[in-house]
Structures are given as C-alpha cells and as structure tokens.
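Scroll down for the structure; my scribbles are underneath it.
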Amino acid sequence: MIGNRITYRKADGVRIPGTWRHAFICNGGTFFLTDLAIYADGLIDCWGLVTIEEFEQKLRSGWVATVLPEGAEASAHGLASWSFAEPRTWVTPELMLAEVRDTIDDLNGRPDSTARCLAAVDVFLADRTEENRAATLAAYLAIPETQRHYALGDMDRKDWPLQVLVAGPGGVPERWSDEVVSQEVYDEAVTYFEERARLIAERPSRVPADGPATPHAPAVHLYHSYPRQRVDEPGKGAMRSDYPASIDIDGITYSSVAHAYWALSAADSAARAAIAEADTSYTARKLAADATQREGWEQARSAVMTMLLRAKYAQHPDLAEILLATDDATLIYDDADSPFWGDNAGRGRNWAGRLLELVRSELHAQRAGIV
C-alpha cells in the first residue's frame, strides 16, 4: 500500500517513482530500523540497490530481518537504541516479498494480487462454477495475508464477504471463524458483491460538485527561450514572460513581462530605468542581478508577477486567446535560471506555470460572466 509514502530516485536523468516502508536491517548483529525504498523499475534499496531476486536473497539470509531475537540490540540512526524484549512480528520473508511484488505492480499501474483476486470474483459471479470458485480462492490466498482485510476497502466488514464467497455454502472461511457457511450467509455475501458492482459501475458518472480534480487537456510545456521580436503566429511561446509583448504599468512601457519584473525588483530608480530599456530580457535579467534588490522582494515577487501577467493579457487580447486555448491544461514552464519560476524537469517549483493557470482561470471566468 503506497498511500502518501512517495519518493523517487534519478537514473540517467530520469525520475523513477517509488515508495517506502519500514524494515529492519541486521548488520553485525545489530538490527537497524530503516526505510526500505521500492521503485517502479523493480529495484529495492535495502542499504544498496538490489533486484527483486537479490532482495529475496537478502530476506532469506536475514539481512532484511523478519525474525527479531529476544535481547537483540536495535538502533534507529540518530534517534534511539534499545534491546528487544518479547518481540512479536507477523512478517515472514514470504509475506514481505509478496508485499514488495505487489508494490512494484502498483507503482507501474498493473493489477496487484488484490486486483487480480477481485477480477476473479467478477468472473465467478458471471459464471458460478466450482472451477471459477476455486480460481477465486487461489487468487484470494495469493494476496499477502497482512493485506487481505484491506481487499474490499471496507473496514467495517473487512474481507469477510470475500471469505464467505470463496468458501461457498457448506465451506469453512479461511480464518476468523470455524463455522460452516450457511446458505443464508452465502446469499448475503453474493448480494454484497452485486451491490458493490453496481456502485462501482456508477462511480465514473460521479463528478465532484465543482468539477474534476485533474485537467482533461494535455499538459503544455513552455520551453526556455529568449525571443527577440514579435512574430505573426507566436504559438504557445507567446505565453512566456520574456515574449516581447509590451505592457504599460503606471505609465511606464516595458518591452515584456520579464523587463517589467526585473525593473521592479531593483531598489534604485536609475537601475530600474536601465533595466526597462534593456534590448533583451536576457540583458534585463543580467542588469537586475547586478543591481541592489528591493527589500522584501522575495516575499512580494509572486504578487508582482501576477499583476504583470494580468496586464499582459488584458492589454493583448490576441495573446489572451492563445492562453485561453490551452483550456485547463497544466502549464509546465521552464526557466534555466530560476528553480522558483521554472519546473525544470521536476526540479523546480513551476510558479510561472501556476500563475499563468491562475490568470487563465480569471480570463475564463470573465468570458463566462462569472466575475
């Protein structure tokens, strides 16, 4: 189960998504509590990257420990150390290996053991033969035991309806009860799954009250550039702050949003004038870097940029149409000189892209007569 435990590593410049879980590493007789990182490409970091086959060897050898001996020394680096007293663990090498395999499937968007079991349930309900029930039982038992009670996502009943379904009338559930499943209890389980299937079928039509959480338009990547002059058909490049679209701010005309931004960042009026008159946005940035910055600029810069973007698209309706045409797409803005404004292959914060999306939303609202 990944949940909110999200991490990644870089390999050849590519971001490999992953997750992590707690585990004990036994090194030199001491058990170290650590984070076991699991990545989508199938590598596991247990104090060194290993393949799933090598990870199994680490489990079998006790390097990744599932047995915690009484009195053994344990340590959490930089936090605490202790000795085990009456240790209890329910994780076996087989269970942990199965959970890690499921996690790799999950990271890759493939059906894990739980999804495969629920697919087998659907097959059985569509054709209720004993052969299909046996296949469903096998799929249920393939779910790591520690994960079975999460299979239905129902923490009131847990996996009880699933146990009853695979046991069948006259059968005995896998755990929790030694009682034979009656026809009445079995029929209740079947009804449970039929109702569950109905709710799942209806789920795609359910839309949050204020609309979907993710954009339906494909993301737009605004690559770093230093455009020198306006063109008749600028395309998406017109959305960049350094695109030469002059704006008037308090009676002063700037050649671009970037010129205005860098000029306003300078504390000295002479420096501001020089930056405003720079021949290119690149020169404007260089002049601003050499000038004394206004006090509090870091805290104010997002508000300033928002104001400048609003002015740009209010004063250039043709460019506003280009921005509006991106619909609700995520705007990924690259800025090689700023990890604050640029996304920069996931290493930056993409505030330029975010603020463009904000101004775009305002333009949509104005067009719709909402504001």
Filter the range 270-298 down to the residues that are at pLDDT below 95 and in contact with a helix residue (DSSP H, G or I) (Cβ under 6 Å, 6 or more places away or on another chain) and list them by number. Ser281
By residue number, the members of the range 237-259 that are surrounded by 17 or more Cβ atoms within 10 Å (Cβ to Cβ), under 34 Å from the mean Cα position of the chain (by Cα) and not polar (S, T, N, Q) are Ala238, Met239, Arg240, Asp242, Tyr243, Val257, Ala258
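How many of the residues in the range 343-363 are without any contact (Cβ under 8 Å) to a residue 24 or more places away in the chain and either among the polar types (S, T, N, Q) or under 19 Å from Val304 (Cα atoms) (or both)? Don't jump to the end; show me each part of the working.
Of all residues in the range 343-363, those without any contact (Cβ under 8 Å) to a residue 24 or more places away in the chain come to 343-344, 347-350, 354, 361.
Subset that is either among the polar types (S, T, N, Q) or under 19 Å from Val304 (Cα atoms) (or both): 344, 349-350, 354, 361.
Summing the residues that are without any contact (Cβ under 8 Å) to a residue 24 or more places away in the chain and either among the polar types (S, T, N, Q) or under 19 Å from Val304 (Cα atoms) (or both) in the range 343-363 gives 5.
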Might you check whether a residue that is of a type in the set (Phe, Trp, Tyr) and within 28 Å of Gly348 (Cβ to Cβ) occurs anywhere in the range 181-189? no
Kindly indicate which of Ala289, Ala284, Ala320 is under 23 Å from Ser246 (Cα atoms) and free of Cβ contacts under 8 Å to residues at least 24 places away in the same chain. Ala289
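To keep it simple, each residue is scored yes or no on (1) on the phi > 0 side of the Ramachandran plot; (2) in a loop (DSSP other than H, G, I, E, B); (3) within 26 Å of the chain's Cα centre (by Cα); (4) in contact (Cβ under 8 Å) with a residue 24 or more places away in the chain.
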{"residue": "Gly78", "(1), (2), (3), (4)": "yes, yes, no, no"}
{"residue": "Ser81", "(1), (2), (3), (4)": "no, no, no, no"}
{"residue": "Glu94", "(1), (2), (3), (4)": "no, no, no, no"}
{"residue": "Arg101", "(1), (2), (3), (4)": "no, no, yes, yes"}
{"residue": "Arg110", "(1), (2), (3), (4)": "no, yes, yes, no"}
{"residue": "Leu118", "(1), (2), (3), (4)": "no, no, yes, yes"}
Considering only residues of the range 173-187 that are modelled with pLDDT under 90 and more than 41 Å from the chain's Cα centre (by Cα), which is surrounded by the most Cβ atoms within 10 Å (Cβ to Cβ)? Glu179
Strands (runs of 3 or more DSSP E) (entirely within the range 1-71) containing at least 1 residues that are surrounded by 15 or more Cβ atoms within 10 Å (Cβ to Cβ) and touching a His at 6+ places or on another chain (Cβ under 9 Å): 30-39
Going by the conditions given, is Pro161 touching a Phe, Trp or Tyr at 6+ places or on another chain (Cβ under 7 Å), modelled with pLDDT of 90 or more and either assigned by TED's automatic domain parsing to the domain that holds Arg15 or not in a helix (DSSP H, G or I) (or both)? no
Does Ile143 satisfy the condition of being among the β-branched types (Val, Ile, Thr), surrounded by 19 or more Cβ atoms within 10 Å (Cβ to Cβ), under 30 Å from Thr19 (Cα atoms) and touching a strand residue (DSSP E or B) at 6+ places or on another chain (Cβ under 7 Å)? no
Residue within the range 118-132 that is among the acidic types (Asp, Glu), modelled with pLDDT of 95 or more and not assigned by TED's automatic domain parsing to the domain that holds Val164 present: no
Find the residue count for the range 303-354, including only residues that are under 20 Å from the mean Cα position of the chain (by Cα) and aliphatic (A, V, I, L, M). 4
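The values are calculated or read from the model by the stated rules, or taken from the named source; none is laboratory data. These numbers come from a predicted model, not from an experiment. Quick reminder, even Gly has a Cβ in these numbers, built from the backbone with ideal geometry, and neighbours come from all protein chains shown.
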